[in-house]
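Just so you know, all these numbers are worked out from the coordinates, no wet-lab data involved. Since this is a predicted model, take the numbers as computed values, not measurements. Here the Cβ is made from the backbone with ideal geometry for all residues, glycine too, and neighbour counts use every protein chain on show.
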Amino acid sequence: MLTRFAPSPTGELHLGHAYSAVQAHQAARAAGGRFLIRIDDIDGSRSREEYVAAALADLEWLGLDCDGDAMRQSNRLGDYAAALADLDARGLVYPCFCTRADIAASLSAPHGPSGAIYPGTCRNLPARERMRRMAAEPHCWRLDMARAVAAAGDLFWEDAGQGARAADAAAHGDIVLARKDAPASYHLASTLDDAAMGVTHVIRGADLIASTDIHRLLQALLGLATPVYRHHALVCGADGKRLAKRDAGASLASLRAAGIDGTALAADLRAGRLPAGYSLRMP
Ligand code: GLU
């Protein structure tokens with residue numbers, strides 16, 4: 001078994017991250033397997049080096065030993081570009097020039113599991129217009145979902161302990177695989193990385209269940225192995241809402257500064273015990 005914890009260095013880690021890291025670490029250790037850390041730092045505008053160092057220090061404070069150096073997404077841009085080129089050669093992606101405002105203004109922008117469904121404005125642009133605009137305008141790359149789903153056929157993923165679940169990626173519409181400001185989206189990078197790392201069990205928060213349908217589709221399109229998935233409950237604050245990076249009181253740095261013992265906290269989280277005022281909930 002190989003599991004991973006993959007923080008984005010865009011803020012301080014909080015109790016919810018600690019819970020997730022403990023779950024992944026514990027699953028690996030209980031099975032005599034391996035646990036890896038990945039730094040999801042492709043978002044150049046939001047990622048900060050100080051948060052990378054802080055996340056690694058937090059994990060050490062929790063006593064979560066890891067097997068090998070942390071992988072960094074910023075070192076893997078070539079692999080993301082190669083996968084995108086592969087999908088492009090098969091006519092499964094297209095450049096999209098729409099701004100957020102363009103999409104919001106579209107009359108036919110229904111909502112899917114991950115927000116507004118892209119109305120398809122740029123899906124069938126004539127080749128010449130596409131070439132001309134690609135040279136002149138910033139653009140992202142979108143998956144042509146209908147074609148992708150047709151190419152992949154019916155797909156399932158294994159929900160640990162619960163059996164197979166149908167992967168319904170079509171409901172998301174034409175998702176972004178590479179952004180104007182980042183060479184790969186979370187979906188593309190995370191799917192490729194989990195495969196490259198040899199992750200056998202993806203253990204992460206239940207807020208990402210819908211993303212798993214997309215990841216399963218990308219695995220099928222790119223010929224990647226499919227891990228087993230487990231989506232755990234989310235740590236919520238006193239208001240019943242899931243923790244966010246802005247909840248400074250729940251940050252691991254603040255708990256450490258308050259003199260809390262990290263390994264004792266990890267042992268509590270392993271046993272499903274949370275500090276007073278926090279609870280676990282399924283979204
Ligand atoms: N970097 C992602 C996050 O922090 C990882 C999600 C995942 O585990 O796939 O949300």
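Observations
- Backbone amide hydrogens, once placed in the peptide plane, bring SER8 within less than 5 Å of ASP40, excluding anything fewer than 5 places away on its chain.
- Applying a 4.7 Å Cβ-Cβ cutoff to the chain, the cysteines left without a disulfide-compatible partner are CYS66, CYS98, CYS140, CYS236.
- Rg in Å to one decimal, and Dmax rounded to a whole Å, for the stretch 140-192 via C-alpha atoms: 12.9, 39
- Selection from GLY63, GLY44, TRP141, by position along the positive dipole direction of the chain (Cβ): TRP141
- The antiparallel fraction among DSSP beta bridges confined to the chain stands at about 60%.
- Remark: the stretch 154-283 projects, on average over all directions, an area of 10.2 nm² (convex hull of Cα atoms).
- The phi torsions of the stretch 266-278, fed into the Karplus equation with coefficients 6.51, -1.76 and 1.60 and a -60° offset, translate into couplings of 4, 4, 5, 5, 4, 8, x, 9, 10, x, 3, x, 10 Hz, rounded to whole numbers, with Gly and Pro shown as x.
- Cα Rg, Dmax, the stretch 1-134, angstrom units: 19.9, 57
- The peptide list 133-144, 11-22, put in order of mean Cβ contacts within 10 Å with the highest first, becomes 11-22, 133-144.
- Note on the stretch 129-184: with charges restricted to the Cβ of Lys and Arg (+1) and Asp and Glu (-1), its dipole about the Cα centre is near 380 debye.
- Spin-label model, ARG256/ALA276: points 7 Å from Cα along the beta carbon direction are separated by 2.5 nm.
- Dipole magnitude of the stretch 39-173 about its Cα centre (Cβ charges: Lys, Arg +1; Asp, Glu -1), debye to nearest 20: 1120 debye
- Applying 1/(1 + (r/R0)^6) with r as the Cβ-Cβ distance of ARG100 and ARG130 and R0 = 30 angstrom yields a FRET efficiency of 0.90.
- Hydrodynamic radius of the chain per Kirkwood, over alpha carbon pairs, in Å: 20.1 Å
- Normalised by the number of residues in the chain, the average gap of Cα pairs under 8 Å and 6 or more apart makes the relative contact order 24 percent.
- Computed P(r) (all Cα pairs; the stretch 82-161; 10 Å bins; percent): 15, 41, 32, 10, 2, 0
- Beta bridges per DSSP with both ends in the stretch 109-264, % antiparallel, nearest 5: 60 percent
- Candidates ALA170, PHE156, ALA127 compared by Cα position along the dipole of the stretch 126-183: farthest toward the positive end lies ALA127, with charges placed on Cβ.
- Relative packing of peptides 61-67, 268-274 - highest average C-beta neighbours within 10 Å first: 61-67, 268-274
- Residue among PRO95, ALA31, ALA105 farthest towards the positive dipole end of the chain, charges placed on Cβ: ALA105
- In this Cβ point-charge picture (+1 for Lys and Arg, -1 for Asp and Glu), the stretch 186-283 has a dipole of about 180 debye about its Cα centre.
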